[in-house]
């Protein structure tokens, strides 16, 4: 093995060695909006899709991961509650954020949206909070939806609770379908073609006026605009709703029609 010797003469030939160089500072990245995102440890999708939606001048996204078991059950979802403060605290500590999002739809339902907010506020008391289900309800209101076709990857003991939550929020859910996939690692690998097929199947009946695809690990963002045009109805995914809600809560009101009907709306229209 060849030994590389330091060339002392080259080191001594340093011509300029300027220390304590003067510099100026500005407000840093995210001068329009800084958004924090708590991501489940196994989520393959949410960061990619959020970055696409938040790729705007002056908008920055900062994330951190929180452990969640790959097998999704009511208990594994509830078990994340105690981990939320630490995950929130490690997102740009000491740096002001405009919005912080907890990236789990079913988890926020089972923990409770207000409880998620409270756990984040333990360490970031001033930040505005949102979660996918809260964002989805705001999206349905903005779209003037009244009857939802619900599509999920979850097992039935989670699906029934989710349907009940949406109904209790003032929307009919007469159609529901699920892949019944308990392993979140597999959920992130469901193909966009499979997602499109079930949207068109369950969203066509006249009894529903909108479609909601629940779960931040489902890769739906890239097909929403095209499938809306084919279906003739609004289609909302967890990530679409969350990205839209984060931007609107932060005061960023750009219309981004490439992501579908929801991004034509502002919170003032809810």
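With the structure loaded, tell me whether residue 247 is outside the structural domain of residue 39 (by TED's automatic domain parsing), outside any loop (DSSP other than H, G, I, E, B), farther than 21 Å from residue 112 by Cα and in contact (Cβ under 8 Å) with a residue 60 or more places away in the chain or whether it fails that test. Answer is no for this residue. Residue count for region 201-221, restricted to those that are out of contact with any helix residue (DSSP H, G or I) (no Cβ under 6 Å at 6 or more places or on another chain) and more than 19 Å from residue 105 (Cα to Cα): 8.
Scanning region 117-171 for residues that are surrounded by fewer than 16 Cβ atoms within 10 Å (Cβ to Cβ), at pLDDT below 95 and within 19 Å of the chain's Cα centre (by Cα) yields nothing. Taking residue 204 as the residue in question, decide whether it is buried (at least 17 other Cβ atoms within 10 Å of the Cβ) and not assigned by TED's automatic domain parsing to the domain that holds residue 55. For residue 204, the condition - buried (at least 17 other Cβ atoms within 10 Å of the Cβ) and not assigned by TED's automatic domain parsing to the domain that holds residue 55 - is not met.
When region 101-117 is filtered for residues that are without any contact (Cβ under 8 Å) to a residue 40 or more places away in the chain, over 11 Å from residue 38 (Cβ atoms) and touching a strand residue (DSSP E or B) at 6+ places or on another chain (Cβ under 9 Å), the ones remaining, listed by number, are 111, 113, 117. Total residues in region 44-57 satisfying the condition of being surrounded by fewer than 21 Cβ atoms within 10 Å (Cβ to Cβ) and in contact with a strand residue (DSSP E or B) (Cβ under 7 Å, 6 or more places away or on another chain): the figure is 3. Summed over region 122-137, residues that are in contact with a helix residue (DSSP H, G or I) (Cβ under 9 Å, 6 or more places away or on another chain) and farther than 22 Å from residue 168 by Cα total 5.
Just to be sure before I move on: is residue 11 at pLDDT 90 or above and not assigned by TED's automatic domain parsing to the domain that holds residue 91 in the structure I sent? When the stated conditions are applied, residue 11 does not pass them. Applying the criterion of at least 3 residues that are farther than 25 Å from residue 258 by Cα and without any contact (Cβ under 8 Å) to a residue 24 or more places away in the chain to the helices (runs of 4 or more DSSP H) found wholly in region 143-231 leaves 156-168.
The values are calculated or read from the model by the stated rules, or taken from the named source; none is laboratory data. Just so you know, these numbers come straight off a predicted model, no measurement behind them. Please note: Cβ atoms are built from the backbone with ideal geometry, for glycine as well, and neighbour counts cover all protein chains shown.
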